[in-house]
Each structure stands twice: as C-alpha cells, then as structure tokens.
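FYI, it's all coordinate maths here, none of it is from the lab. This structure is a prediction, so every number in the text was calculated from the model and none was measured. Cβ sites come from the backbone with ideal geometry, for glycine too, and all protein chains shown count toward neighbours.
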Amino acid sequence: MKFAEFEIGRVIEAGPVTVSEAEILEFARRYDPQWFHTEPEEAATRSRFGALIASGWHTCGIAMRLVVQAALNGSESFASPGLDYVRWPHPVRPGDSLRLRATVVDRRRSRSQPTLGILNWRWQLFNQHGIEVLDLKATSLFELPEADGPAAATAP
C-alpha cells in the first residue's frame, strides 16, 4: 500500500498464521530462552499457564510479518522510530491460529521534513477464539515525494 492509501480509521486484516510448537521452541531457544518458552514438560507442570507459551517477542514478529505482507510490501515505508506501547493480554500457545487487525490512528506529512510521512497505527492479533493476544501502537515512517500544494496534510 502507498502512504496515501492509509486513511484514518482504515482497518487492514491479514492471516491466519498457525503457530507450531517447533516454531515456538526454535524462536525461544534463540532469542528468549526462559523455561516457560523452551521446556514444554516443565511449562505444563510448573507454569501458571499450564503449558508451553510463545515469547511475546515472537508474537510481535508474527504481527510484523503479517503487516508487511498486507500493507508495507511495495510501500514507501523505510523505518520506524518505535512503539508507543506493547501488551500481551493473553498467551499464544502451540496450534493457535493468529489473525491481524491493524487500524490507522493518524497519518500526516511532516512540516519540517516535507518528504517524510508519519503513520501511527494500532496492531492487534487475535487467536482462533477471537481472544486478543497482542495489542501495540506503532509509528511507521515513509519516504514521500516533495509536498505539492495545500492538499498535503502537515504536522510538525
């Protein structure tokens, strides 16, 4: 999608992606090696979740992949300065099938850098039961052509 297509209030949906136990273990062993992400038997008996759960960072990676596939491939997007917040209200478990809902919160062209587009959007992932497993607000930056005329939206 091009920057101009990200209208405030627009909802972009993608997925599902099914998460396997092997994928959870592989990610966790490399990047978040806490026992409740890497030891299925331990997690099942000792964890308050009663089973193996995916790392929240793995969940964010899944959301990123879906966002790129659904919206950012072929766009002018080039970077992100970060997130306003990230929450994992419920765990992701082996076999979960995740769907993305991304909602455009704000979109503007920078006044000080007229070739910079700024997009604020909320990303949510839901499992196959409709339970939210990820909620975050991201900012994405876009490289734009020089602003032309008063029709270009501006911000600081």
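Ranking 69, 105, 6 by Cα position along the charge dipole of the chain, where only Lys, Arg, Asp and Glu carry charges on their C-beta atoms, puts 105 farthest toward the positive end.
Karplus-derived 3J(HN,Hα) values for the range 12-17, using 6.51 cos²θ - 1.76 cosθ + 1.60 with θ = phi - 60°, are 10, 10, 7, x, x, 10 Hz; glycine and proline are entered as x. Only helices enter this figure: runs of n ≥ 4 DSSP H residues, each worth -39500 (n - 2.57), summed and divided by the residues of the chain, yield -6000 deg cm²/dmol at 222 nm to the nearest 500. The share of Cα pairs per 5 Å bin across the range 30-156, counted from zero up to the longest distance, runs 2, 10, 17, 18, 15, 12, 9, 7, 5, 3, 2, 1, 0 percent. Let me have the relative contact order for the chain, percent, based on Cα pairs under 8 Å that are six or more residues apart. Relative contact order, the chain: 27 percent.
What you get for the chain, charging only the Cβ of Lys and Arg (+1) and of Asp and Glu (-1), is a dipole of about 320 debye around the Cα centre. Per-residue 3J(HN,Hα) values for the range 122-129, derived from phi via the Karplus relation 6.51 cos²θ - 1.76 cosθ + 1.60 with θ = phi - 60°, read 9, 10, 10, 10, 10, 7, 5, 9 Hz in sequence order (x marks Gly and Pro). Restricting the calculation to alpha carbons of the range 13-59 gives Rg and Dmax of 11.0, 36 angstrom. Taking amide H positions as modeled 1.01 Å from N, with prolines and chain starts lacking one, the residues under 5 Å from residue 98 and 5 or more places away or on another chain are 17, 18, 19.
Ranked by the mean number of other Cβ atoms within 10 Å of their residues, highest first, the peptides 120-128, 46-54 fall in the order 120-128, 46-54. Karplus-derived 3J(HN,Hα) values for the range 77-91, using 6.51 cos²θ - 1.76 cosθ + 1.60 with θ = phi - 60°, are 4, 9, 5, 9, x, x, 10, 6, 7, 9, 9, 10, x, 9, x Hz; glycine and proline are entered as x.
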